[in-house]
Amino acid sequence: MQIELTEKEYRRLLDMVYIGNWVLNSARGQDRFPDYDKVESKIFSYCKDHRMESLIERWNGEIVPSRAFAEGGIHEAIMDYEDAVFFDILAEELARRDMNYAPISSQNYEELMARMDEYMDEFERNGTDHLQLED
């Protein structure tokens, strides 16, 4: 297979490959998906052919994204995504709790969405500052 990319497209592909592998493997500890690590290594190996050597380093004999790459802002994008997902899930869980975990149907879907919107409005205004846990 051959894919033609501009330098800018290749650089964007590096970001996407890194983010994808991060999502799949970052929380797995020693139980990583090695196939995804290999694909990441292969895609990043082309950096040396495109004057992007600073984006790679060797670790245990494999080409991996460099510390400079990882610390260059990509984790801010990941954190933005994680924040959005966190608040979406939290809003839905709280709304479902408020509805006594009733199965979602066409009859109560609008209520669920309205409750979620209220929580999302609160989170946008105050983050988690007003959340309280009770026994």
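Which residue pairs have Cβ atoms closer than 6 Å, lie 6 or more positions apart in sequence or on different chains, and pair a first residue in the range 105-133 that is in the same structural domain as Phe86 (by TED's automatic domain parsing) and without any contact (Cβ under 8 Å) to a residue 40 or more places away in the chain with a second residue that is assigned to a helix (DSSP H, G or I) and of a type in the set (A, V, I, L, M)?
Leu112/Ala95; Arg115/Ala95; Met116/Ala91; Met116/Ala95; Tyr119/Ala91; Tyr119/Leu94; Met120/Ala91
So which of Phe87, Phe69 is more than 19 Å from Val17 (Cβ to Cβ) and either in contact with a helix residue (DSSP H, G or I) (Cβ under 7 Å, 6 or more places away or on another chain) or assigned to a loop (DSSP other than H, G, I, E, B) (or both)?
Phe87
Please go through the range 31-66 and pick out each residue that is among the charged types (D, E, K, R) and in a helix (DSSP H, G or I).
Asp35, Asp37, Lys38, Glu40, Lys42, Lys48, Asp49, Glu53, listed by residue number.
Under 29 Å from Met120 (Cα atoms), in a helix (DSSP H, G or I) and either of a type in the set (Ser, Thr, Tyr) or touching a helix residue (DSSP H, G or I) at 6+ places or on another chain (Cβ under 9 Å) (or both): does that describe Ile74?
yes
Just wondering, is there one or more residues in the range 31-54 that are basic (Lys, Arg) and in contact with a His (Cβ under 9 Å, 6 or more places away or on another chain)?
Taking every residue of the range 31-54 in turn, none turns out to be basic (Lys, Arg) and in contact with a His (Cβ under 9 Å, 6 or more places away or on another chain).
For the range 67-75, state whether one or more residues are β-branched (Val, Ile, Thr) and in contact (Cβ under 8 Å) with a residue 40 or more places away in the chain.
Checked the range 67-75: at least one residue is β-branched (Val, Ile, Thr) and in contact (Cβ under 8 Å) with a residue 40 or more places away in the chain.
Go through (1) in a helix (DSSP H, G or I); (2) farther than 27 Å from Asn126 by Cβ one by one and return the number of the condition Tyr81 breaks.
Status for Tyr81: all satisfied but (2).
The values are calculated or read from the model by the stated rules, or taken from the named source; none is laboratory data. It should be emphasised that the depicted structure is a prediction, and the values quoted were computed from it without experimental measurement. Note that each Cβ is placed from the backbone with ideal geometry, even for glycine, and that neighbours are counted across all protein chains shown.
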